[in-house]
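Single-structure report; data block below.
The values are calculated or read from the model by the stated rules, or taken from the named source; none is laboratory data. What you are looking at is a predicted structure, and each value in this text was computed from that prediction instead of being measured. Cβ: placed from backbone, ideal geometry, glycine included. Neighbour counts: every protein chain shown.
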């Protein structure tokens, strides 16, 4: 399951349809478009898995392993052939903007409802 946003499109005076080709104008939109493509490749029916069910309300969907922002950055670097030894990490406090330092989601309800196995980031980025 993947949630996307209107960042996929450059904007126009009429609403974008579900099957409109993405036209992102910034890196965030391009990343969202790439993620949608990845979801369709991994499981073409993923977006429809809960369609027609009585499931309603928020549903936490996250992989089973916790990962820090720095850890995620290092995993992504390795996945794309960048030597993480040349990267510098920092702490949340030193980085400046206030943000939670440890946020985890309980995805047990999603695990019970979905047939798609929730995979961890290490598995997803293994290549």
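I'm trying to understand the selection: among the residues of segment 99-126, which are over 14 Å from the mean Cα position of the chain (by Cα), assigned to a helix (DSSP H, G or I) and either within 12 Å of residue 62 (Cα to Cα) or at pLDDT below 75 (or both)? Passing the criteria: 108, 109, 110, 111.
Determine, yes or no, whether residue 27 is modelled with pLDDT of 75 or more and loosely packed, with under 10 Cβ neighbours inside 10 Å. Walk me through it before giving the result.
Values: modelled with pLDDT of 75 or more: yes; loosely packed, with under 10 Cβ neighbours inside 10 Å: yes.
For residue 27, the condition - modelled with pLDDT of 75 or more and loosely packed, with under 10 Cβ neighbours inside 10 Å - is met.
Listed here are the residues, each with its yes/no results for (1) under 26 Å from residue 126 (Cβ atoms); (2) modelled with pLDDT of 75 or more.
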| residue | (1), (2) |
| --- | --- |
| 17 | no, no |
| 44 | yes, no |
| 47 | yes, no |
| 66 | yes, yes |
| 88 | yes, yes |
| 97 | no, no |
